[in-house]
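A short write-up of the structure that comes next.
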Amino acid sequence: PAILLLVVQSLLFLAPIPAAAASQVERAIQIMNESGRRVEVHWIHPDTGEMVLQSTPDILHGATFALNSWVGHAFEVRELPAKKTGVCGGEDEVCRVDHFTVNSNQDQVLIVEEGIEAVHTDSKTIAAKSAANLLDDCKSTAKKMLAANPDSAISILEGLSTCVQKGVAQEIEKANEEIAFQAEIRKGMGDLIENYTCADETMNTTAAKRTERWMGREVDVMIDRPASRIHVIKNFLTRDECDAVEEAAKPILHDATVANGSGGSKLSESRKAKQAGVKVRWEKEEDGDLIARLSRRVYDYVNHVLPFDIEENGQEDLMSIQYFGRGPGDEAPDRYMPHCDGDCTGLEFKPGNRMATIVMYCDTPEVGGATRFRNSNIHIKPEQYGATFFSYIDPESMKMDSGFTEHSGCPVVEGEKKIVTQWVRLGVDDENPWNSFNTLGVKYSDAADQ
């Protein structure tokens, strides 16, 4: 039939994908531990067979470990004995192992499944799976089209299957490689211009894609991707609310910390500020408590944007954060280097983790202090009493942002920058509060049992 001929002819013109070099090519790989056990990853020396530990600390169940390596390098995933019993889960309590080798494909993810089975996926395997799904649809359609000519149906279907599977897989792989290449370029450019944009005081807030209204407030929508939303809200909070938060934070202000990579926190030169967690007294909400009123507005806006019906139970405290300018000659100004508030690897969401943030500006500095999303080329010059909202989860696929909401706080040069931040989690409640999870997104109780 004519339609079948057109499909085959169009597929014949698909360009082949050049093979990637098999050596001296660097690749990043995300390792997700879904095995229910603690594991560690060792590089296998190609000449001596020596095992070199790569994962420090251990990779807990539910945690993700980022590994940078080279095409052709081989690794061993090794089960560790449970902390409580001191034994492994294999036959005769033997610690189980599996192996994988880094290939030349993009977007490599290794999932350590139950039984310590290493399942390796990448751009090509994802493309092949997509092609197989498309092929099923093509077969179904072709059967109906060829019903009038059953004698040649089998040979035509087989030829169509081979052609479609090969051609579509190549096209999908080509698209995935292009996306990965563009993402690498985008992040590199963002890194280069970070300091220039922070230093340019003439740079105003990036123009919005569109403007909406919410509860009488103007909302500038900067990005509206499924897993990456950035909004700027004018007049989100009041002076009285700012003063109430600052007064509650004053006795407990301390140096700000960052995640230390092993589930805890640490001081870091990448984040210089003072901070204090402020508990919301929800029992006083009906009495007009200013902090409770502000916090309720935060959750109302989150639920306006995202379909999760988030409640306050189990959520993190409001965070009062203060940056102080010490003049243009300060060699170590208060700032926050580029970072993600949650997971921004594009992987599956882990229940109980952060998925949205709202930053509210109480006092803005005379010089400096902009919020910058470098991978999205979004520059936000803070306005007093305004707010910046951003979410980093796709509500449909439940996949996380792939770096578009990575952001930084430019150095505060002159004046003070005082903000109130709420990090919003999904999957917490009174029985599973935010502080039952470590900074890797793993419950402390689960980590203790591994």
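Remarks
- Answer from Gly314, Gly277, Gly346 - the residue that is in contact with a Phe, Trp or Tyr (Cβ under 7 Å, 6 or more places away or on another chain) and either more than 17 Å from Ala248 (Cβ to Cβ) or open to solvent by less than 40 Å² (accessible area, probe 1.4 Å) (or both): Gly314
- Selection within segment 64-92: residues that are farther than 15 Å from Ile116 by Cβ, in contact (Cβ under 8 Å) with a residue 12 or more places away in the chain and assigned to a loop (DSSP other than H, G, I, E, B). The member of this set that is nearest to the chain's Cα centre (by Cα) is Val71.
- Pairs linking a residue in segment 99-112 that is under 18 Å from Ala127 (Cβ atoms) to a residue that is open to solvent by 50 Å² or more (accessible area, probe 1.4 Å) and polar (S, T, N, Q), with Cβ atoms under 8 Å and 6 or more positions apart or on different chains, are Asn105/Thr125.
- Single residue of Thr206, Thr238 found to be over 18 Å from Val302 (Cβ atoms), within 25 Å of the chain's Cα centre (by Cα) and in contact (Cβ under 8 Å) with a residue 60 or more places away in the chain: Thr206
- Scanning segment 98-118 for residues that are of a type outside the set (S, T, N, Q) and outside any loop (DSSP other than H, G, I, E, B) turns up Asp98, His99, Phe100, Val109, Leu110, Ile111, Val112, Glu113, Glu117, Ala118.
- Across segment 375-383, a minimum of one residue is classified as within 17 Å of Ser228 (Cβ to Cβ), open to solvent by 20 Å² or more (accessible area, probe 1.4 Å) and in contact with a strand residue (DSSP E or B) (Cβ under 6 Å, 6 or more places away or on another chain).
- Only residues that are out of contact with any strand residue (DSSP E or B) (no Cβ under 9 Å at 6 or more places or on another chain) and under 17 Å from Phe390 (Cβ atoms) were counted in segment 202-225, giving 1.
- Pairs, first over 15 Å from Phe373 (Cα atoms) in segment 333-351, second open to solvent by 40 Å² or more (accessible area, probe 1.4 Å) and small (Gly, Ala, Ser), C-beta under 6 Å, six or more apart: Gly346/Ser402; Pro351/Gly427
- Residue tally, condition among the aliphatic types (A, V, I, L, M) and open to solvent by less than 20 Å² (accessible area, probe 1.4 Å), over segment 360-374: 2
- For segment 207-256, a residue qualifies if it is farther than 18 Å from Cys362 by Cα, open to solvent by 50 Å² or more (accessible area, probe 1.4 Å) and hydroxyl-bearing (Ser, Thr, Tyr), and exactly one does: Thr211.
- So Ser436, is it touching a helix residue (DSSP H, G or I) at 6+ places or on another chain (Cβ under 9 Å) and surrounded by 16 or more Cβ atoms within 10 Å (Cβ to Cβ): no
- Scanning segment 98-125 for residues that are buried (at least 17 other Cβ atoms within 10 Å of the Cβ) and out of contact with any strand residue (DSSP E or B) (no Cβ under 9 Å at 6 or more places or on another chain) yields Lys124, Thr125.
- Enumeration of residues in segment 278-300 that are under 25 Å from the mean Cα position of the chain (by Cα) and either modelled with pLDDT under 95 or under 14 Å from Asp240 (Cα atoms) (or both): Ser295
- Condition met for Cys95 (within 30 Å of Asp446 (Cβ to Cβ), in contact with a strand residue (DSSP E or B) (Cβ under 6 Å, 6 or more places away or on another chain), touching a residue at least 24 places away in the same chain (Cβ under 8 Å) and not in a strand (DSSP E or B)): no
- Of the strands (runs of 3 or more DSSP E) lying entirely inside segment 341-450, those carrying at least 2 residues that are modelled with pLDDT of 95 or more and not β-branched (Val, Ile, Thr) are 354-363, 387-391, 416-425.
Let's see how each residue does on (1) under 25 Å from Gly90 (Cβ atoms); (2) surrounded by fewer than 18 Cβ atoms within 10 Å (Cβ to Cβ):
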{"position": "Gly49", "(1), (2)": "yes, yes"}
{"position": "Pro57", "(1), (2)": "yes, yes"}
{"position": "Leu60", "(1), (2)": "yes, no"}
{"position": "Ala63", "(1), (2)": "yes, no"}
{"position": "Trp70", "(1), (2)": "no, yes"}
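- Filter result for Ala292 (among the hydrophobic types (A, V, I, L, M, F, W, C), outside any helix (DSSP H, G or I), open to solvent by less than 10 Å² (accessible area, probe 1.4 Å) and within 14 Å of Val420 (Cα to Cα)): no
The values are calculated or read from the model by the stated rules, or taken from the named source; none is laboratory data. Remember, predicted model here, so these are calculated numbers, not experimental data. Here Cβ is always computed from backbone atoms with ideal geometry, including for glycine, and neighbour counts include all displayed protein chains. Surface areas here come from the heavy atoms of the whole protein model, side chains and all, with no ligands, DNA or RNA. Shrake-Rupley method; radii C 1.70, N 1.55, O 1.52, S 1.80 Å.
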